[in-house]
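Scroll down for the structure; my scribbles are underneath it.
The values are calculated or read from the model by the stated rules, or taken from the named source; none is laboratory data. As the structure is a computational prediction, the values presented were derived from the model and not from experiment. So basically every Cβ, Gly included, is an ideal-geometry build from the backbone, and we count neighbours across all protein chains shown.
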Amino acid sequence: MSQKELEAKLTISKRELAKLLRELKKWSAPATVLLSLYIPPGRPVSDVMTLLRQEYSITDNIKLKRTRQAVKRALSAAMDRLQMVPSVPKNGLVIFCGEDMNTGKFECYMFSPPEPIRVFYYRTDKRFITDFLEDMVEDRSAIGIIVVERDQATIGLLKGARLEVLKELEGFVPGKHKMGGQSQRRYERIIEQMVDEFFKKVGEEANNLLVPLVEKGLLKGVLVAGPGLAKQEFVEGGYLDYRLRKILAKDLVDVAYQGLQGLKEAVMKAERVVEAQLYRDAVSAMEEFKSNLARGTGMVVYGDKEVEYALEMGAVKTLLIHESREDLEEWVERARQRGAQAVIVPETLPEAEWFLHTFGGLAGILRFRVSF
C-alpha cells in the first residue's frame, strides 16, 4: 500500500471525529491505563517506537498487577498499529488504546485527523486525552444570538444547524406608575439606571461567552434581537466588546419571546444572516414533509431502500437526514450526485426525535410520484 493510499485509509472526517470523540469521552478507568498518543507530521515513526518501548520496559515498576497488565496491553497494541505505518501522514497520527477495567472491553484506535496535529504528546491516564482534537470539530460558521429586552435576555449560539442556549438572564425593572412632577423624573432616572446595569450584565456575559470564540476564529457574526426599542438601546449603548461589534449584523430583529423559542424566532427572521439558512432549511423542509404526509399527497418517501430507489430515479427534491445517522455523509453525497438538496435535521429541532424514531431519520420530498 502506497503512502497516499495509507493516508486516505487512515484519515477521518470531522463528522467521524466528532462521533469518535463522543465515544471516547464515555471511557473512564480507576487507574491510569488509558493511552493517548499524538504524533505531529514529520516526526519519525522510529523515534516514537523507541519511546513506547522505553515506556513498556518501565511498566514493571507498576505495583498493581492488573494495572500493570492493562498498561502493557495498551502499549503493545499501540506499537503493533504503529509498525504498520512507514511514515506519519501529513496531518499526523493519533492513537487511543485502553481497557475498560470494569467490563474487560479493549479498544485501540489509530487515525489521521482532519487537521494537522501541532504537538507531540504521550500519556496514560484515567481518561483519554481528547483536548487537542476538540477545536477540529467546532463548527467554523457559528453565529452568536442575543435576545434582549429591558429586564430579560437570552444568549445563544447557532452552529451549523444546531441551536443552543448559552445563558438566560433576568433583571428587575419596575413598570410605570402614577407619580408626577419631580417624583416622576426621579423615578424614571432610577429605572434607566437599573436598565443600564442590566444591559451591562448582559454585555459582560455575552463578552465572556462569545469573545473566546472570536479569538479562535469560530464566530462569524452576532445577531441582536428583541421586542421594541430595547435591542437598539443595547446596541447603541456600547455594552458589547469591540470584537463583537465588528461582526454585528446590521439588521436588528423583532422577536416576541425569550429562551430557545426566542432564539428560533430570531434565526427564522434573520434573512441576511447567511449562516442561519441551515436551521431555516431544516424547519421549512420538516414542515413541508409533515404537510405532505398529513395530506397523503404521495409526494414523500421514507425507508432506506425506498429513499435510495427514489434518489436513483432523480425523483427526490429534498433529502432530510437526522444528524445522528452514522451514514449521514454518504447520504449527503448521494443527494448531491442526484441533484437533491440535502437538509440535516438537528437534534434541537422539536420534531427531530419523532423523525428519528418514526422514519429512521431519513426521508425525501419528491419532485414527482414514484411507484414501488
Item to check | Filter result (within 17 Å of residue 128 (Cα to Cα) and touching a Cys at 6+ places or on another chain (Cβ under 7 Å)) within the stretch 56-90 | outcome: 74, 77, 78
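Any residue in the stretch 302-313 that is at pLDDT below 85 and among the charged types (D, E, K, R)? Give the steps one after another, and end with the answer.
Restricting attention to the stretch 302-313, the residues satisfying the condition of being at pLDDT below 85 are none.
No, because not a single residue in the stretch 302-313 is at pLDDT below 85 and among the charged types (D, E, K, R).
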Item to check | Matching residues, the stretch 322-346, being charged (D, E, K, R) and surrounded by 14 or more Cβ atoms within 10 Å (Cβ to Cβ) | outcome: 323, 325, 329, 334, 338
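Could you list, in sequence order, all residues of the stretch 167-183 that are surrounded by fewer than 13 Cβ atoms within 10 Å (Cβ to Cβ) and either assigned to a helix (DSSP H, G or I) or modelled with pLDDT of 80 or more (or both)? Before the answer, list the steps.
Quick first cut of the stretch 167-183, residues surrounded by fewer than 13 Cβ atoms within 10 Å (Cβ to Cβ) only: 170, 172, 174-183.
Matches in the stretch 167-183: 170, 181, 182, 183.
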Checklist entry - Among the residues of the stretch 17-62, which ones are under 24 Å from residue 137 (Cα atoms) and in contact with a helix residue (DSSP H, G or I) (Cβ under 8 Å, 6 or more places away or on another chain)? => result 17, 18, 21, 34, 35, 37, 38, 39
Next on the checklist: So in the stretch 282-304, with the set limited to residues that are within 29 Å of the chain's Cα centre (by Cα) and among the charged types (D, E, K, R), which one is surrounded by the fewest Cβ atoms within 10 Å (Cβ to Cβ)?
Outcome noted: 287
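Please work out if residue 318 is polar (S, T, N, Q) and buried (at least 20 other Cβ atoms within 10 Å of the Cβ). Walk me through how you get there before you give the answer.
Working: polar (S, T, N, Q): yes; buried (at least 20 other Cβ atoms within 10 Å of the Cβ): yes.
Against the criterion (polar (S, T, N, Q) and buried (at least 20 other Cβ atoms within 10 Å of the Cβ)), residue 318 qualifies.
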Checklist entry - In the stretch 247-264, how many residues are within 24 Å of the chain's Cα centre (by Cα), over 16 Å from residue 167 (Cβ atoms) and assigned to a loop (DSSP other than H, G, I, E, B)? => result 2
Next on the checklist: For the stretch 1-50, give me each residue that is over 26 Å from the mean Cα position of the chain (by Cα), surrounded by 16 or more Cβ atoms within 10 Å (Cβ to Cβ) and under 18 Å from residue 118 (Cα atoms).
Outcome noted: 43, 45, 48
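Could you tell me whether any residue of the stretch 274-286 is at pLDDT 85 or above, among the acidic types (Asp, Glu) and not in a loop (DSSP other than H, G, I, E, B)?
Looking only at the stretch 274-286, we keep the residues that are at pLDDT 85 or above, and these are 282-286.
Restricting the remaining residues to those that are among the acidic types (Asp, Glu) gives none.
There is no residue in the stretch 274-286 that is at pLDDT 85 or above, among the acidic types (Asp, Glu) and not in a loop (DSSP other than H, G, I, E, B).
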